[in-house]
């Protein structure tokens, strides 16, 4: 993946998340508040994260326990299926965390050894913040529910957060076109 595409993707995602918050649509608050415990969101997010993770397991090289990939694949497949049955609470949050953690690698790989382009640090900084948040929310997913409760307690907070996300998304899009 090129650095331009790797910077453009998070920028567009931030804009897509920020604009509905900035416009303060009534439905957005309800959707975000119901997201952490939504079975549909859990199926989509955790399902996508599990499929991506299992794909990575299946394509392990011999140096990365590739000789044991079949037992590892089926062990993690059983764990992923049992997660839907045994721990369905906040599974959508954990699924997003898995997607962010797996998506961080290609984004960081595109900026690796690009020392002549200091603007890449806008992307790299965002990715590292995403990694830290994913690790924290993966361990304590109820914190996202608490954050949404705080965010929508006052309408100005949601608009301000949406403006921040959209502005950083626009910055990333602008930076991606300047490489």
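Read-outs: derived from the displayed coordinates by stated rules, not from any lab. Note that the coordinates shown come from a computational prediction; the quantities given were computed from them, not determined experimentally. No Cβ is skipped: glycine too gets one built from the backbone with ideal geometry, and neighbour counts run over all protein chains shown.
The table for this structure:
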| read-out | value |
| --- | --- |
| Enclosed volume per residue, in Å³, of the convex hull spanned by Cα atoms of region 1-99 | 98 |
| Cα Rg, Dmax, region 93-134, angstrom units | 11.0, 36 |
| Mean Cβ count within 10 Å, highest first, over the residues of peptides 63-69, 146-152 | 146-152, 63-69 |
| Principal axis dimensions, the chain - Cα atoms, whole angstrom, descending | 52, 46, 20 |
| Extended-chain gain in nm, criterion 0.36 nm per residue less alpha-carbon gap, residue 48 and residue 140 | 31.1 nm |
| Cβ-derived FRET efficiency at R0 25 Å, residue 102 paired with residue 178, nearest 0.05 | 0.35 |
| For peptides 14-27, 163-176, 75-88, sequence by mean Cβ density within 10 Å, most packed first | 163-176, 14-27, 75-88 |
| FRET efficiency for residue 4 and residue 129, using Cβ-Cβ distance with R0 set to 22 Å, rounded to 0.05 | 0.60 |
| Calculated FRET value between residue 147 and residue 24, using beta carbons and R₀ = 22 Å, to 0.05 | 0.85 |
